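Please treat every number below as a calculation from the coordinates, not as lab data. For clarity, every value in this text was computed on a predicted model and none was experimentally measured. Positions of Cβ are generated from backbone atoms using ideal geometry, with glycine treated the same way; all protein chains shown enter the neighbour counts.
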Amino acid sequence: MSEQREFQAEVSRLLDIVANALYTEKEIFLRELISNASDACDRLRYDAISNPDLVKGDTEFKIRVWFDTDARTLTVSDNGIGMNREELIKNLGTIAHSGTRELVKHLNGDKQKNSSLIGQFGVGFYSVFMIANKVEVLSKRAGDEKAWIWISDGHGAYTIDESLKDERGTTITMHMKDEAFEFLIEERLKNVIKKYSDHISFPIVIGEAKDAKAVNTASALWMRAKADITPEQYKEFYRGVAGTIQMDEPWMTLHWHAEGNFEYHNLLFIPSMKPFDLYDPRRHHGVKLYVKRVFITDGVEGLIPPFLRFMKGVVDSEDLPLNISRELLQSNPVVAKMSTAITRKILGELEDKAKNDIKDFESFWSLFGPVLKEGLYDAHQYRDQLCRVSRFYSSKADGLTSLDEYLSRMQEGQEHIYYLSAGSVESARNSPQLEAFRAKDVEVLFMTDTIDEFWLPIQNEYKQKKLKSITRGSPDLAKIKSDKAEEPKDEKAKAGVAGLLSQMKEILKDEVKDVTISERLVGSPVCLVAPETDMDIHMQRVLKKSQHYDGKHQHILEVNDKHPVIRKLVDLSSSPANAETLRETTLLLLDQARIVEGESLKDPAGFVKRLNNAIEKGLISA
Ligand code: ADP
Ligand code: MG
């Protein structure tokens, strides 16, 4: 009995968009079907290692494409693993991947935007509704007796019914739309298969003849010599490798063969676009593991470290046993050793790129730099390489700079690598704490990624130089040579400043830990810093936001005793008659330091009142 069922709401939505010509290249539906057929053969080949009966009598995997001009149908068929009833319902009626489901929810009327969003994950099987107005999927799971047929016109619902099929596998018949007649021409089909599916490692044949010749090269692309592979072929392989369509070009292609203790072939890619789920904690890397050309599994934890989770491609090992259980792979020592070698190789290539083509490297770094820096936090064994690859914005360089370049620009007497944590490069550049460093021509690196707050406290050295925050503790600037001579201070002035500080401290006793003279300010009257033993102010804020932390650290207010406002306050502070002015100005100064730091004000109304009073006085005396 035929049963009618509705698509999951997100699928219906997706189908509407797909039917309205999502891609200009409608021909990609064939790439999608062939890629699914190839996956199905891969999966059965793997299962047959432990259960050879599954492929009994038919061990030659093959993908067939044929057409009927009179009936206007095109058919794609495979002898892979097939689907039972439940699998048809789940795989062709719902969107399994939660990230994809989320994305579909965000699709709207804007065609252009939709297609660029969808381009990031591909629509797989559903792309058939670009060219067909009715699709029949006849499938028989390897090892099962029963076959099932799934039929839909792509509008809201499908039917599913028991059926008959001799061989295992899946046969998909498309009733073509009028405008898709071109796909009922053999030459056209051949060209499309050559263009997108040449790298598929199973033979793809056109027609039903037993001895039909394969249209594709049908050998694993990663096993071929580099010289025999065109950039186009690499690109198509890359686009198909993760199972979903990747619409960008590979930013870097790494194809190599490792011999020695372990032998394996690698074809790996770094994308030029950021995957939409890069920061989804459930995301794993897109590198598939093969053993002697047999697909084993994808996303094996331990093969590619999380800080390289944007990688895509294939690793094909000659040493692992074919019948290795997927569960045991993670803890397999061969996998661990390959992982180390592969990671070192990738980092080495990145290091070269950063040295030889910094412009191009910057485009990579802006996408994946923060991910790579996660390794500085949790992958100690790669720390040195990661430090050499890492790039930073700084107070001196126009673009990005490396730690080694920073070292080469250090001033005489400078002992530390200085950095400033901030929410953005822009706010870092305008930070008052930077003033004295500018004046002494000492470079400061800007740390603006959230991850910086995590690795910096752990990795506090590079080539024996301490990484030191300029917003915490003493800046240690005195030893650094400067052209400008320090003006000698007379004793009387010193005593005046000390008097002011102790009064300010009293006024702010519930707000700050201390009020001190600043070594780091030039043009600003005040700034906030953290005590040497505390976390950076910016880090406290980041942690508060991510809710890992709710400690109440008190800051230190630093005062620039050369600034005219502070000098004036020193004068005023000698007479008790000025107590109220001193109090109001002190509170105003604290609030301005908070604003510059990006902190919120405890009493904004009070701040505005004080500010207006000050403006008023200024205007009256003007
Ligand atoms: P994806 O390939 O990215 O998983 P698709 O939309 O292309 O997404 O396919 C959805 C699912 O349908 C596949 O994951 C697979 O489980 C199943 N499927 C599609 N085509 C076949 C096939 N020819 N044989 C077996 N299963 C298939
Ligand atoms: Mg697919």
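Tabulated values for the structure
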| item | result |
| --- | --- |
| Fewest-first sequence of 462, 196 by Cβ atoms within 10 Å of each Cβ | 462, 196 |
| Distance between modelled label sites at residue 553 and residue 378, nm, 7 Å Cα→Cβ extension | 2.3 |
| Shape of the stretch 226-389, Cα gyration tensor, a/c cut at 1.5 | rounded |
| Between the stretch 436-472 and the stretch 189-205, the Cα center-to-center distance that results, in Å | 53 |
| Ratio Rg/Rh [Cα only; Rh per Kirkwood] for the stretch 296-360 | 1.06 |
| Net charge over other residues, Cβ less than 10 angstrom from the Cβ of residue 221 (K, R count +1; D, E count -1) | -2 |
| Charge dipole magnitude, Cβ of K and R +1, D and E -1 - the stretch 504-622, Cα centre, debye nearest 20 | 240 |
| Proximal charge balance of residue 210 [Cβ under 14 Å; K/R count +1, D/E count -1] | -2 |
| Part-to-part distance (alpha-carbon centres) for the stretch 585-622 and the stretch 251-286, which is given in Å | 53 |
| Ascending count of other beta-carbon atoms within 10 Å, so fewest first, for 394, 427, 331 | 331, 427, 394 |
| Net dipole in debye of the stretch 392-486 [+1 Lys, Arg Cβ; -1 Asp, Glu Cβ; about Cα centre; nearest 20] | 240 |
| Size descriptor, Kirkwood hydrodynamic radius, that averages inverse alpha-carbon separations across the chain, Å | 29.1 |
| Assigned charges on the beta-carbon of Lys, Arg, Asp, Glu; the chain dipole about Cα centre (debye) | 1000 |
| Environment charge at residue 472 (Cβ cut-off 10 Å; Lys +1, Arg +1, Asp -1, Glu -1) | -2 |
| Contact order relative to length of the chain, as percent, for alpha carbon pairs under 8 angstrom and 6 or more apart | 9 |
| Sequence-separation-based contact order of the stretch 3-217, relative, with Cα cut under 8 Å and 6+ spacing, percent | 30 |
